[in-house]
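Q: The structure under discussion is supplied below as structure tokens; questions concerning it will follow.
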Amino acid sequence: MDDMAHYSDTDIHYTLEIREFYSVLISIQKEFNSKISKHLSGFKSKKLNNYKQHESLHDAINSYIESFELQLTNNNTYLDALNDSIKTLDIQIKEMEKQSKSYIAFGKKCTKDFEIQKDLQKKEKEKFIKLSKEADGATSVFEKSSKDPKIKPSKLQELLDDDDISEIMINGYDSIFIEKKGYIEKIDKKFSSEKKLNDIIQKMVSKVNRVVNESNPIVDARLSDGSRINVVLPPVSIDGSILTIRKFPKEVIRINSMIDNGTISSKAANFLKKLVEAKYNIFISGGTSTGKTTFLNALSDYIPSDERVITIEDSAELQIRSIPNLVSLETRNSNIEGTNQITIRNLIKTALRMRPDRILVGEVRDEAAWDLLNAYNTGHDGSISTGHANSTYDMLSRLESMVLMGANIPIDVIRKKISAALDIVIHLSRLHNKKRCVMEISEVIDYKNGEFVLNKIYKYDYDKGLISTGNKLLNTDKLKRAGIDIG
């Protein structure tokens, strides 16, 4: 229907007027042809009967007759053309009337569909308001209900109350997995029905002003304790409602804890402390569940308390407690009408107008990388961000790809911008024993001859842990400006 031309009554009326004009022309042409034919018959008769004795007059009459016969032939051709035009117009008029009727019918159907959609949206809003009120009035699934002896904790609450569990993965109402001390296992618990699981999901997301339903079946949100949840509903999820909860530990993990459990060496931690204080731009890379956000949170302890820090996240997870002048920003999904979405890009642009000393971006995964690089290159030193990648080089390559998602810029220009923006890349990984470790700390030196030039300062040794490579930090200008001795 989108390709159908819309013919108005005026269009059809105009076409009918053209057809009427052609019909008048045909009538005039036929009358004219009749008169010519009559005169030709008279001339031919005179030619035969009266002018046989006058040769010169005979030739003149003969020429005049030939001229009229040619005119008659041309007129007949013109008449045929007019008749063909009439036929074409008749076909066009019928088609226009047919399409106009179809368009009117389509318009009525669209109006009806719009009213149906409007009614559905109204019902969704009413449902959302109802769920919000229920969530406000009831004990939420993420509050410590088990502390109240009068309230029997739900199956989900029992898992949330277990401090040894770091991740809960619900694959439908009858299939629950957990991650405990780094290992994933299936547990012998299930919900009574798919409806019960879906009711819990609705209460959880409505509590944080999010909506999830068949028309919007995917949502990311966070619980009041900072834990992150992801929901996927049918029809996108084949096996029923999927709920994934990444729990936040009660105690915020600091660098000292990471040193104790072998995530990073004390020497490397002291090195990073000086870089953060001197406002080096740092990017943390790693795979899923390698502790990127946790590590960023730990590094934030080294930010001087007199600075103004803006944090930007999809779902607020950072737990920065050492900065009094802290502003936390969080993205917002589009509403039921599909409008009013606020993205990482929007927040980065806004943050630049908030007089930040540093900008911390929880994770970059799309064209927001371009805005982040611009921020790094426009005087906002000391910024820290994270991203998914399998290695330091992969992270730099991913940043290129993310920039290209939103801007058609030559690769060389993007790579030069990346090399100018980033000072340090820290890569994290998870070993076979589920231990999270810093695998590499590299300095981004330059971009030359189509390749990034990196200076690897620390690397992970599977026998010794994180060790120095012997390479010294080359770009020490920021340390000197800050009056810090690298040692």
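Q: Based on alpha-carbon positions alone, could you give the equivalent ellipsoid semi-axes of the stretch 145-246 from the gyration tensor, as √(5λ), descending, whole Å?
A: 21, 16, 14
Q: Provide, as a two-decimal number, the C-alpha radius of gyration of the stretch 241-284 over 2.2 N^0.38 Å, N being how many residues it has.
A: Ratio of Cα Rg to 2.2 N^0.38 Å: 1.60.
Q: Another question, then. For the stretch 402-463, just the Cα atoms, rotate onto the principal axes and tell me the three extents in Å, largest first.
A: Ordered largest first, the stretch 402-463 gives principal extents of 43, 24, 17 Å.
Q: Order of 389-399, 246-256 by packing, highest average Cβ count within 10 Å first?
A: So the peptides 389-399, 246-256, ranked by packing, come out 389-399, 246-256.
Q: For the stretch 421-487, what's the relative contact order in percent, using C-alpha pairs closer than 8 Å and at least 6 residues apart?
A: Result for the stretch 421-487 is 21 percent.
Q: Could you order peptides 200-208, 451-459 by the average number of other Cβ atoms within 10 Å of their residues, highest first?
A: Per-residue mean Cβ counts within 10 Å order the peptides as 200-208, 451-459.
Q: Same structure, new question: Which FRET efficiency value, to the nearest 0.05, do you get for Glu158 and Ser102 by plugging their Cβ-Cβ distance into 1/(1 + (r/R0)^6) with R0 = 45 Å?
A: For Glu158 and Ser102, the calculated efficiency is 0.15.
Q: A follow-up question, please. Could you state the per residue volume, in Å³, of the convex hull enclosing the Cα atoms of the stretch 204-262?
A: Cα convex hull per residue, to the nearest whole number: 104 Å³.
Q: Which whole-number percent gives the relative contact order of the stretch 325-370, counting Cα pairs below 8 Å spaced six or more residues apart?
A: Details: 24 pairs, mean separation 12.2, N = 46.
The value is 27 percent.
Q: To continue, here is another question. Roughly what percent of Cα-Cα pairs across the stretch 255-482 reach past 25 Å? Before the final figure, lay out the partial values.
A: Values: 9748 of 25878 pairs.
Cα-Cα pairs of the stretch 255-482 separated by over 25 Å account for 38 percent.
Q: Now, a different point. Would you work out the relative contact order for the stretch 255-482, in percent, from Cα pairs under 8 angstrom that are 6 or more residues apart? Walk me through the numbers on the way to the answer.
A: Details: 431 pairs, mean separation 52.2, N = 228.
It rounds to 23 percent for the stretch 255-482.
Q: May I pose another question? Between their Cα atoms, which of Lys273/Lys448; Lys267/Lys478; Lys435/Lys464; Lys195/Lys434; Lys279/Lys464 are more than 23 Å away from each other?
A: Those over the limit are Lys273/Lys448; Lys195/Lys434; Lys279/Lys464.
Q: Quick one: order Leu197, Leu479 by neighbouring beta-carbon count within 10 Å, fewest to most.
A: Leu479, Leu197
Q: May I ask you to derive the FRET efficiency for Lys195 and Ile116 from their Cβ-Cβ distance with R0 = 35 Å, giving the value to the nearest 0.05? The partial results should precede the final answer.
A: Working: r = 25 Å, r/R0 = 0.71.
FRET efficiency, Lys195 to Ile116: 0.90.
No value in this document is a laboratory result; all are computed from the given coordinates. Predicted model only: the values in this text are computed from it and were never measured. Counting neighbours? That spans all protein chains shown, and the Cβs are built from the backbone with ideal geometry, glycine included.
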